[in-house]
Ligand code: SF4
């Protein structure tokens with residue numbers, strides 16, 4: 001992935017963002033055509049595999065346990081349910097399944113073993129598998145890669161300067177470290193931000209500057225419009241104007257010509273015409289399906305209709321990278337062997353105790 005060498009500083013980006021809209025749109029559409037097939041849109045389905053009860057305090061998120069929202073905490077989904085949902089998403093045109101868990105970070109426990117099995121299973125369906133599970137160590141990244149993970153999503157959300165206004169329970173550097181761990185494991189990176197959280201244009205461009213400063217920018221950059229949810233500190237934020245979304249998509253497209261720019265949360269409040277402008281501005285991916293973790297999203301049918309009107313078609317999987325191989329997970333295998341050995345010991349102990357119990361059953365003498 002490369003960065004457009006014409007844009008080096010935040011000032012350059014702010015100037016680009018403020019270009020007269022029609023000019024900006026034309027420039028972005030031109031860059032888009034030079035690097036992508038403008039009639040193809042990658043469709044990802046986002047599935048919440050573990051909803052709510054998150055200990056973090058992201059000001060926009062209804063899944064944070066500390067905010068009083070309609071989201072009820074649920075346990076991790078079963079591997080079987082995930083497979084069923086993945087098949088449904090694939091049948092509706094999605095080439096990627098992104099599994100999200102409301103965790104601060106991945107823990108090396110049974111839940112993570114189950115996620116490993118989900119990744120193996122969905123990769124087996126010939127879909128690109130993405131996870132968004134919070135902070136991740138390098139060892140955990142290697143395990144996920146080994147299971148067949150294609151991409152890891154970890155958004156920076158906003159600029160480093162504005163970050164503390166949104167989240168206080170972890171640092172910007174923590175986010176950058178997780179992104180590095182994904183990259184080092186050979187996992188494709190999906191990382192972007194949210195606009196409409198009260199940030200300035202400089203903050204929006206500060207987010208893009210964070211990606212410019214990386215060795216290589218993310219393969220996929222989701223641009224979300226805040227969906228204000230009652231009960232969160234951002235409940236009263238104004239809904240983002242479509243023009244702001246178009247400018248943000250266009251600027252991202254021009255600065256990162258090779259990356260996938262993903263039109264993410266906030267599509268339900270956009271008209272068909274507004275979304276068409278975003279595709280024109282270089283959006284090359286959407287999240288499909290009626291829910292985005294816990295916020296509403298257009299139904300598959302609505303997107304089919306929109307694609308027909310605009311003459312767009314869903315992109316096939318693994319066009320931008322090879323399908324990863326799902327290898328055996330050593331830790332799960334070791335645990336299975338230990339469980340089998342324990343089971344065998346117990347069975348032997350039971351057999352021995354039955355063999356040695358030829359004595360007459362003990363008589364219970366009742367007390368007088
Ligand atoms: S955005 Fe993620 S980490 Fe932040 S509160 Fe929501 S679920 Fe937790």
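The values are calculated or read from the model by the stated rules, or taken from the named source; none is laboratory data. Note that the structure is predicted; figures quoted are calculated from it, not measured. Neighbour counts are summed over all protein chains in view; Cβ atoms, including those assigned to glycine, are modelled from backbone coordinates with ideal geometry.
State whether the residues of segment 117-128 include one that is surrounded by 14 or more Cβ atoms within 10 Å (Cβ to Cβ), within 16 Å of the ligand (Cβ to nearest atom) and under 18 Å from the mean Cα position of the chain (by Cα). Break it down stepwise before answering.
Filtering segment 117-128 down to residues surrounded by 14 or more Cβ atoms within 10 Å (Cβ to Cβ) leaves 117-123, 125, 127-128.
Imposing the further condition that a residue be within 16 Å of the ligand (Cβ to nearest atom) reduces the set to none.
No, there is no match, as no residue in segment 117-128 is surrounded by 14 or more Cβ atoms within 10 Å (Cβ to Cβ), within 16 Å of the ligand (Cβ to nearest atom) and under 18 Å from the mean Cα position of the chain (by Cα).
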Return yes when residue 49 is within 20 Å of residue 150 (Cα to Cα), in contact (Cβ under 8 Å) with a residue 12 or more places away in the chain and surrounded by fewer than 19 Cβ atoms within 10 Å (Cβ to Cβ) and no when it is not.
no
In segment 134-173, how many residues are within 16 Å of the ligand (Cβ to nearest atom), surrounded by fewer than 16 Cβ atoms within 10 Å (Cβ to Cβ), without any contact (Cβ under 8 Å) to a residue 40 or more places away in the chain and not in a loop (DSSP other than H, G, I, E, B)?
2
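Given the criterion assigned to a loop (DSSP other than H, G, I, E, B) and at negative phi, identify the matching residue among 71, 14. So that I can check it myself, show each step before the final result.
On the way: 14 fails: assigned to a loop (DSSP other than H, G, I, E, B).
Going through 71, 14 in turn, just one is assigned to a loop (DSSP other than H, G, I, E, B) and at negative phi: 71.
Just checking, which of 87, 2, 8 is surrounded by fewer than 17 Cβ atoms within 10 Å (Cβ to Cβ) and within 24 Å of residue 313 (Cα to Cα)? Spell out the reasoning first.
Values: 2 fails: within 24 Å of residue 313 (Cα to Cα); 8 fails: within 24 Å of residue 313 (Cα to Cα).
Residue meeting the stated conditions: 87.
Kindly indicate which of 72, 114, 105 is within 16 Å of the ligand (Cβ to nearest atom) and either touching a strand residue (DSSP E or B) at 6+ places or on another chain (Cβ under 6 Å) or at pLDDT 95 or above (or both). Outline the logic, then answer.
Working: 72 fails: either touching a strand residue (DSSP E or B) at 6+ places or on another chain (Cβ under 6 Å) or at pLDDT 95 or above (or both); 114 fails: within 16 Å of the ligand (Cβ to nearest atom).
One residue alone meets the criteria, 105.
Can you pull out the helices (runs of 4 or more DSSP H) entirely within segment 257-368 that have at least 1 residues that are modelled with pLDDT under 85 and closer than 21 Å to residue 91 by Cβ?
The helices (runs of 4 or more DSSP H) meeting that bar are 300-310.
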Closer than 19 Å to residue 265 by Cβ and more than 18 Å from the chain's Cα centre (by Cα): which single residue out of 166, 194 fits that description?
166
Of the residues in segment 75-102, those that are in contact with a strand residue (DSSP E or B) (Cβ under 8 Å, 6 or more places away or on another chain), in a helix (DSSP H, G or I) and over 20 Å from residue 42 (Cα atoms) come to 82
Considering every residue within segment 233-252, establish whether at least one is within 16 Å of the ligand (Cβ to nearest atom), surrounded by fewer than 24 Cβ atoms within 10 Å (Cβ to Cβ), under 21 Å from residue 100 (Cβ atoms) and under 22 Å from the mean Cα position of the chain (by Cα).
yes
Which one of these does residue 93 not meet: (1) at pLDDT below 95; (2) more than 16 Å from the ligand (Cβ to nearest atom); (3) under 14 Å from the mean Cα position of the chain (by Cα)?
(3)
